[in-house]
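In what follows, a structure is listed as structure tokens, so that the remarks can point back to it.
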Amino acid sequence: MSVHTEDSRKVTTRRLIEMKQRGEKISMLTAYDYTMASIIDKAGIDAILVGDSASNVMAGNVTTLPITLDQMIYHGKSVFRAVKRALLVVDLPFGTYQGNSKIALESAIRIMKETHADCVKLEGGKEILESVNRILSAGIPIMGHLGLMPQSINKFGSYAVRAKEEEEAKKLIEDAHLLEDAGCFAIVIEKVPANLAGQIASELSIPIIGIGAGRYVDGQVLVMHDMLGLNKGFSPRFLRRYANLEENITQAVQQYVTDVKSSDFPNEQEQY
Ligand code: KIV
């Protein structure tokens, strides 16, 4: 059964909060280009994240660290041209907001002006609070990102589940409250125990969107390439695959090669 929405109104940050208030789960996926963004927007997704995971899935880097602000803006602009309904979220990449809140604001303003995104997303809690406050004071909505934060992979040392120990769980809860109190409209929480994410979702009035954070949160986000089965090598426990495109594409390309080599393609009807 398909339960996609019939509501064609543009999704705003306010509407995301209202969805939480009435208990409607929020669906979010990543996209990095016009064609895929157009398909998932028409399919009824609530929010599209131009994630810095573009560094991995589009550019083939091992981490999200190398992607630049200019590259994020290129992806953001491409996705914006396709999106009619979904809320458009663009990640601030590594090195463009940590440490200096003036640079953070300049980076966020570039994203908003050049991509026409509805908001920005950035990773971290207390450590980046000054940047969060400065960006919010310019009227730019922020989606936070806590738990596993891929931009801090060199500090964490692995992509294992975060906040299993009490001390880290306590900090995560404090950071989530700090971001809400500062004025963030939603938070992504990545790869933490389900009960902990659920506790945060029930304590906060802004939506918690989980990835590998269980079922007790207000919405879910996945990297589109992962859920479409475009990279079979990546299969964490939290990932549900909805298609097997790597296999479909491989078969299609193999058939095309066979047809060209055997002069089957093009046939009489496929020429002028
Ligand atoms: O960049 C990204 O794709 C993300 C998701 C994992 C939430 O931040």
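The values are calculated or read from the model by the stated rules, or taken from the named source; none is laboratory data. The structure presented is a predicted model; accordingly, all values stated were derived computationally and were not measured. No Cβ is skipped: glycine too gets one built from the backbone with ideal geometry, and neighbour counts run over all protein chains shown. Heavy atoms of the whole protein, side chains included, go into the accessibility calculation; ligands, DNA and RNA do not. Shrake-Rupley method; radii C 1.70, N 1.55, O 1.52, S 1.80 Å.
Quick notes on this one:
- Hydrodynamic estimate: the Kirkwood radius of the stretch 33-111 over Cα pairs, inserted into Stokes-Einstein at 20 °C and 1.002 mPa s, corresponds to D of 165 µm²/s.
- Å² per residue, accessible surface of the stretch 156-272 at 1.4 Å: 60 Å²
- Whole-Å semi-axes of the stretch 1-58's equivalent ellipsoid (Cα gyration tensor): 22, 14, 10
- From helices alone, the chain scores -12000 deg cm²/dmol at 222 nm; the rule is -39500 (n - 2.57) for each run of n ≥ 4 DSSP H residues, then divide by the residue total.
- At an R0 of 35 angstrom, the distance between the Cβ atoms of D70 and A252 translates into a FRET efficiency of 0.60.
- Added length on full extension, which subtracts the Cα-Cα distance from 0.36 nm per residue, K10 to E166: 52.2 nm
- Sorting the segments 156-169, 191-204 by their mean number of nearby beta carbons within 10 angstrom, highest to lowest, gives 191-204, 156-169.
- The apolar share of the surface of the chain, taken as the fraction of accessible area on carbon and sulfur atoms (1.4 Å probe, ligands and nucleic acids excluded), comes to 53 percent.
- Equivalent-ellipsoid semi-axes of the chain, from the Cα gyration tensor, Å, largest first: 34, 21, 20
- Relative contact order (%) - criterion: Cα under 8 Å, at least six apart; region: the stretch 121-272: 16 percent
- Working value for the stretch 60-148: equivalent-ellipsoid semi-axes of 20, 16, 12 Å, each the square root of 5 times a Cα gyration tensor eigenvalue, largest first.
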